[in-house]
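Working notes, structure below.
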Amino acid sequence: MTDPKLRPAPLAYQNEPFLNSPDGRILRLLSEYSEPLSRFRREQIQDTVVFFGSARIHSHDHASRQLTDARGVQDSALQVNSLKRAEAAVDMARYYEDARRLARLLTEWSTQIPAKRHRFVVTTGGGPGIMEAANLGAHEAGGKTIGLNINLPFEQNPNSYITPSLNFEFHYFFMRKFWFAYLAKALVIFPGGFGTLDELFEILTLAQTEKLAKKIVVVIYGSSYWKKIINFDAMVDAGVIAAPDLDLFKMSDSPEESFEFLKDGLTKFHLGQQQTKRTGEAAVPEIARTRP
């Protein structure tokens, strides 16, 4: 009787149970660094302008339809709650339209910059709401636009306006945050919730502590919202931040004003001086560096 031949074991890098196990975590982490880097190089992305904001803010048309539906609810107690949410959604919809306009202005300008690689590419978390609005504005301007999506049980499906070759999906929040910070030369913070606050303060902390070897231009958009949410002056008065820390960002309420501020800052800090290139660096994006 002939012994049956033992089938070859799967190659380690094709062994899905291993790759998805705790022991394979280091390979998953490396993949979420190396695969995006490879694509950014291939797509010739040099740097980005990142838009953060709520996934729950919709376009004016969408919010208006929700308000009409809420007015048609028959149950009076239910209608009160539905109307309150729908009226707030209509009010907040102006931020969707402003994000769309600002992203379009930035992209129309940045695509005219003479450069071998794509400069100041509008980048979002890839989902709906403010993220969709910014990707839409950049798409309308004919530019590339990036979506750094995150795998979540709700809300977070990639929107239709991301450049397909620049549509990313992350499992690890911190690897996604790494790519937000590493490529960004500017940041625009629209009204949002926990995630937006987390992203805002992470970038401000990196700037405050000089952990980035670059100047990052920050716009906090929507003063009426943010002044209700965060009292920066009270933080200065309490001595937990210094008065000059307020110079790390600018508050704005106009797409045009925000665009001029961003354009001036990006020109001054990132276009006004020649970047030193090392031998063999031509194919590599001039991405941000942390300080030694």
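Each value in this text was obtained by applying a stated rule to the coordinates, not by laboratory testing. Computed from a prediction, not measured in an experiment: that's the story for all the values here. Neighbour counts are summed over all protein chains in view; Cβ atoms, including those assigned to glycine, are modelled from backbone coordinates with ideal geometry.
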> If you build a Gaussian network model of the chain, linking Cα atoms that sit under 10 Å apart, which residue out of Arg28, Arg71, Arg39 swings the most?
Replying inline: Arg71
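Quick one: putting +1 on the C-beta of Lys and Arg, -1 on the C-beta of Asp and Glu, what dipole do you get for the stretch 103-229 around its Cα centre, in Debye to the nearest 20? Walk me through the numbers before you get to the answer.
Details: 13 positive and 9 negative charges, 106 e Å.
The dipole magnitude comes to about 520 debye.
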> For the chain, which DSSP H helices look membrane-span-like by this rule: Cα extent along the axis of 24 Å or more and mean Kyte-Doolittle of at least -0.5?
Replying inline: 76-110
> For the stretch 13-69, what class follows from the C-alpha gyration tensor (a ≥ b ≥ c being the square roots of its eigenvalues): rounded when a/c is under 1.5, otherwise prolate if a/b is larger than b/c, else oblate?
Replying inline: oblate
> Which one of His62, Ala89, Met131 has its Cα pushed farthest toward the positive end of the charge dipole of the stretch 16-162, where Lys and Arg give +1 and Asp and Glu give -1 at the Cβ?
Replying inline: Met131
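Which number comes out as Rg/Rh for the stretch 103-249 once both Rg and the Kirkwood Rh are worked out on C-alpha atoms?
Taking Rg over the Kirkwood Rh, I get 0.97.
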> Rounded if a/c is under 1.5, else prolate if a/b is larger than b/c, else oblate: which is the stretch 1-151, with a ≥ b ≥ c the root eigenvalues of its Cα gyration tensor?
Replying inline: oblate
> So how do Met235, Met251, Met92 line up by other beta-carbon neighbours within 10 Å, fewest first?
Replying inline: Met235, Met251, Met92
> So which residue, out of Gly53, Gly147, Gly265, gets the largest mean-square fluctuation from a GNM of the chain using Cα contacts under 10 Å as springs?
Replying inline: Gly265
>> Between Asp3 and Arg65, what is the label-point separation in nm under the 7 Å Cα-to-beta-carbon projection?
In response: 6.7
> Expressed in nm to one decimal, what extension gain is obtained for the pair Glu210 and Leu152 from 0.36 nm per residue of sequence separation less their Cα-Cα distance?
Replying inline: 17.7 nm
> Counting Lys and Arg as +1 and Asp and Glu as -1, each charge on the Cβ, what is the dipole of the chain about the Cα centre in debye, to the nearest 20?
Replying inline: 960
> Looking at the square roots a ≥ b ≥ c of the eigenvalues of the Cα gyration tensor of the stretch 183-261, which shape do they give, rounded for a/c under 1.5, prolate if a/b is larger than b/c, or oblate?
Replying inline: rounded
> Taking Lys84 as the anchor, which lysines have their alpha carbon closer than 26 Å to its alpha carbon, excluding any fewer than eight residues away along the same chain?
Replying inline: Lys227, Lys228
> Just one of (1) 56, 43, 34; (2) 61, 39, 33; (3) 81, 59, 44 is Cα extents along the principal axes in Å calculated from these coordinates, so which is it?
Replying inline: (3)
> Long-range amide H contacts for Val121: which residues qualify at under 5 Å (H placed 1.01 Å from N, peptide plane, sequence gap of 5 or more or a different chain)?
Replying inline: Asp47, Thr48, Val49
>> With the cut-off at 20 Å, tell me which of the pairs Lys215/Lys263; Lys144/Lys211; Lys144/Lys250; Lys177/Lys211 have Cα atoms farther apart than that.
In response: Lys144/Lys211; Lys144/Lys250
>> Give me a comma-separated list of calculated 3J(HN,Hα) values for the stretch 44-57, in order, Karplus coefficients 6.51, -1.76, 1.60 applied at θ = phi - 60°, integers in Hz, x for any Gly or Pro.
In response: 6, 8, 8, 7, 9, 10, 9, 9, 10, x, 5, 6, 9, 8
> Near the amide H of Asn149, under 5 Å away, which other amide H atoms are found, from residues 5 or more places off or on another chain, if H is placed in the peptide plane?
Replying inline: Phe168, Glu169, Phe170
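Work through the residues other than Asp264 whose Cβ is under 14 Å from its Cβ and net out their charges, Lys, Arg +1 and Asp, Glu -1.
+2
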>> Which of Pro191, Pro164, Pro244 ends up with the largest GNM mean-square fluctuation for the chain, with Cα atoms connected below 10 Å?
In response: Pro244
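Counting other beta carbons within 10 Å of each residue's own, what order do Val218, Val236 fall into, fewest first?
With the sparsest Cβ surroundings first, the list reads Val236, Val218.
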> Label Phe174 and Ser21 with points 7 Å out from Cα along Cα→Cβ: what is the distance between them in nm?
Replying inline: 2.3
